[in-house]
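Student: Structure provided below as structure tokens; questions to follow.
Laboratory data are not the source of any read-out in this text; all were calculated from the coordinates shown. Being a predicted model, the structure only gives us computed values, none of them experimental. Don't worry about glycine lacking a Cβ; one is built from the backbone with ideal geometry, like all the others, and counts go over all protein chains shown.
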Amino acid sequence: MNMLKTVLLMTVLTAALVLVGGWVGGEGGALVALVVAGAMNFGSYFFSDKIVLRMYRAREVTRAEAPVLYEVVESLSRRAGLPVPRVAIIPGQQPNAFATGRNPEHAVVAATEGILQILDREELEGVMAHELAHVRNRDMLISSVAATLAGAIMVLSRFGLFFGGGDRDRGGGALALLVVILAPIAAMIIQAAISRSREFAADAGGAEISGKPRALASALQKLEATARRVPLQGNPATAHMFIVHPFRGGGIGKLFSTHPPTEERVERLLQMRGLG
């Protein structure tokens with residue numbers, strides 16, 4: 001069901017991109033929009049790991065440099081039937097983690113210094129299992145494509161509003177203008193919906209890999225409480241990658257949050273049967 005919902009949402013994003021591109025530049029504009037989005041997706045797919053690690057000054061570590069983290073990732077990878085990913089540590093006190101890379105054979109899992117300080121081993125296992133579930137589900141590709149399509153829609157819409165579209169009499173100028181105004185909002189909501197569904201799936205997958213849903217639930221509560229107090233410097237466009245939302249905002253910003261409420265995630269984990 002999650003995959004079906006993701007495919008439907010991605011289809012809507014693509015359709016919105018074509019509509020906006022068509023309004024800005026007619027049939028040629030729609031085609032150019034798709035080509036540009038494809039090129040951006042290609043770049044983000046093959047180079048996202050290097051870009052994001054560099055953005056957060058993450059450093060790849062060996063078993064000798066981070067024995068506990070490395071051993072946890074190695075053990076869980078075997079249980080999940082995955083190749084052992086590269087392991088990185090992000091400088092900073094906010095407790096958080098993410099996974100990136102184009103596929104399980106080229107994945108990286110990264111944890112902040114802060115997360116290593118506040119979680120016990122079982123909680124750390126829960127968090128790393130969550131990230132490995134993202135790797136197993138190939139969520140990095142889905143997230144990259146969704147972010148790229150949403151970004152392209154927003155850029156095209158701004159361009160159309162500033163410079164004006166094509167033949168506005170064709171198809172109704174007022175309707176076309178409405179599409180250009182609303183498409184970026186719809187794109188942000190759809191991107192957030194994709195990310196939220198992936199987070200629920202990764203929570204369930206992480207609980208299955210580690211066998212410890214309660215430990216993951218406990219870790220999420222700790223991470224959420226601390227992330228509210230400890231800021232993280234970074235690009236909001238990468239928020240969907242982290243296990244808990246690294247940047248705080250209220251009001252209407254919650255509508256576009258890339259993460260479901262932590263309370264709901266914890267409740268679902270605590271309701272899981274047959275696991276510790």
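Student: What FRET efficiency comes out for Arg228 versus Glu65 if R0 is 35 angstrom and r is the Cβ-Cβ distance? Round to the nearest 0.05.
Tutor: After rounding to 0.05, the efficiency reads 0.70.
Student: Could you line up Leu220, Leu141, Leu156 from fewest to most neighbouring Cβ atoms inside 10 Å?
Tutor: By the 10 Å Cβ count, ascending, the order reads Leu141, Leu220, Leu156.
Student: What is the set of long-range amide H partners of Ala107 at a cut-off below 5 Å, with H atoms built 1.01 Å from backbone N?
Tutor: Sorted by chain and number, the residues that satisfy this are Arg86.
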